[in-house]
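What follows is a single structure, written as structure tokens, with notes after it.
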Amino acid sequence: MLGSRVTMIAYPMLVLYLTRSAVYAGFAVFAATAPSLLFYLPAGALVDRWDPRRTMLCNEFLRGVAIGTIFTIILLHKKYVVLIICLAVMEEIFEVFATLAERRCISMLVGPDLASSASMRVEARSHFVVLIGRPLGALLFEIDHYIPFLADLVTFIISCLTLIRIRGKVPTQVSQEPRAQLRAEMKEGWRWLKHDQFFRISIILNSGMTLISQALILVFIAETGSQHLSPLAIGIVLACSGFGGVLGAIFGETVDQVIGSHLRFVQGRSRIKLQLCVWSAGLLVLAVTASIAPWRVSCMSIVMAIFGFSGAMGNIEIETYMTKNVPSEMTARLTSILRLTSFLMFAAGPVIGGSLAGFFGTSIAMWCLFAMVMILTVFVARNVIRRSWISVLRRVRAVGAAEPARSRRASGAGNGESVDTPRAIEASPDDLVPLKPHLTTR
């Protein structure tokens with residue numbers, strides 16, 4: 001993962017160096033993200049069929065071949081720009097399959113008791129890699145243009161050797177479904193999402209907050225233009241999000257236990273709701289202080305760190321829920337839906353943020369983002385109230401159904417008869433969790 005983050009920043013820098021054209025560099029960035037939008041859904045259905053370890057091994061090897069080819073092109077001083085972009089597309093397609101297979105491997109290796117700690121480690125790794133990957137890639141590219149790709153190639157070699165060593169430790173689950181069923185299997189993931197209320201709401205909230213966070217970054221960059229901040233200062237402020245994410249992944253469990261033991265309304269599966277409350281407060285602070293320029297950078301740094309911290313806790317909750325409640329033969333498909341919606345919002349966020357800042361100014365843009373997060377809050381509150389009323393109605397019905405039985409028991413006791421009376425069933429919030437949809441037998 002670290003090598004991929006290093007080359008992600010090196011791709012456009014290399015193309016820009018070879019062509020002196022920002023257009024070609026833009027195509028290189030597009031090539032690094034477009035395959036995720038096109039291949040995640042079919043890849044999820046296919047990975048659920050295949051053996052996850054072999055899938056990871058094959059795709060990591062093919063990614064290494066693509067990166068090795070780019071490394072060779074640079075060493076030979078060839079300007080094969082179109083070939084480099086095509087190799088970047090291929091490498092990202094293989095990464096989609098490898099990422100989904102990795103998620104399925106984790107769900108098969110980790111039991112329910114270790115799901116939370118495993119998710120925290122994965123989340124900490126992701127934020128740490130994001131935090132150091134891009135500046136490291138720029139530094140290595142500055143030393144020499146081929147070094148970032150050499151470093152990425154070494155990581156692929158290590159990854160393949162590791163996957164070979166764990167042979168036999170990952171359970172082998174291979175489906176023999178005919179390929180004609182691929183579309184039906186893709187629909188199966190959406191049907192699961194329809195019946196799994198918690199995961200469905202989690203995807204909506206995760207997508208919405210991804211959209212808002214990316215829009216916020218563009219609004220902040222637009223604001224820094226009037227303050228004449230250096231690129232280094234902008235980079236430090238935005239890096240606070242990754243720093244907060246690392247802290248959230250490391251200390252999230254401790255904070256989770258402390259908050260859960262003192263605040264009843266955040267007990268259970270409610271970390272994403274807590275994240276939503278934190279984001280609402282943070283955006284309100286930014287909107288109120290939008291006109292106070294000297295405090296803007298410091299406020300943005302603190303808020304970005306808090307957003308990263310709470311965002312890591314929300315991601316851990318989703319990953320833990322999937323490990324505990326989603327069968328391994330459905331993991332890749334649900335992960336593909338989660339990643340697809342996130343990438344769509346990741347692409348749309350900067351457009352919305354830039355448009356708001358350009359047409360209305362940064363102050364009004366901040367209030368618009370605050371309004372967006374409040375809409376998500378109302379959506380969650382509506383679902384919570386609805387579930388509470390359903391729980392009350394079920395309890396009333398259970399008590400009402402028990403009354404005739406009590407009357408029969410009283411009359412039977414008066415006549416000297418023994419009457420077996422069914423006990424009233426008290427509904428609990430856990431009873432409101434919908435049944436998991438039926439999976440195709442493989």
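Every read-out reported here was derived from the displayed coordinates using simple, explicitly stated rules and does not represent laboratory data. Keep in mind the model is a prediction, meaning the values are calculated, not measured. No Cβ is skipped: glycine too gets one built from the backbone with ideal geometry, and neighbour counts run over all protein chains shown.
Using Cβ contacts closer than 10 Å as the measure, can you line up LEU37, LEU286 from fewest to most?
Details: LEU37 15, LEU286 25.
Ascending number of Cβ neighbours within 10 Å: LEU37, LEU286.
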Expressed in nanometres to one decimal, the distance between label points 7 Å along Cα→Cβ at THR19 and ILE143 is 2.8
Just subtract the alpha-carbon distance of ARG54 and VAL288 from 0.36 nm times their residue separation and send over the number in nm, one decimal. 79.0 nm
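In terms of the Cα gyration tensor, with a ≥ b ≥ c the square roots of its eigenvalues, is segment 1-168 rounded because a/c is under 1.5, prolate because a/b exceeds b/c, or oblate?
The shape class here is prolate.
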Taking 0.36 nm per residue of sequence separation and subtracting the Cα-Cα distance, how much length would be gained by fully extending the chain between VAL154 and PHE359, in nm to one decimal? 69.1 nm
Peptides 337-344, 74-81 ordered by average Cβ neighbours within 10 Å, highest first: 337-344, 74-81
Suppose each label sits 7 Å from its Cα in the direction of the beta carbon; what would the LEU76-ILE302 distance come out to in nanometres? 5.7
Neighbour-count ranking [beta-carbon atoms within 10 angstrom, fewest first] of ASP48, ASP113, ASP196: ASP113, ASP196, ASP48
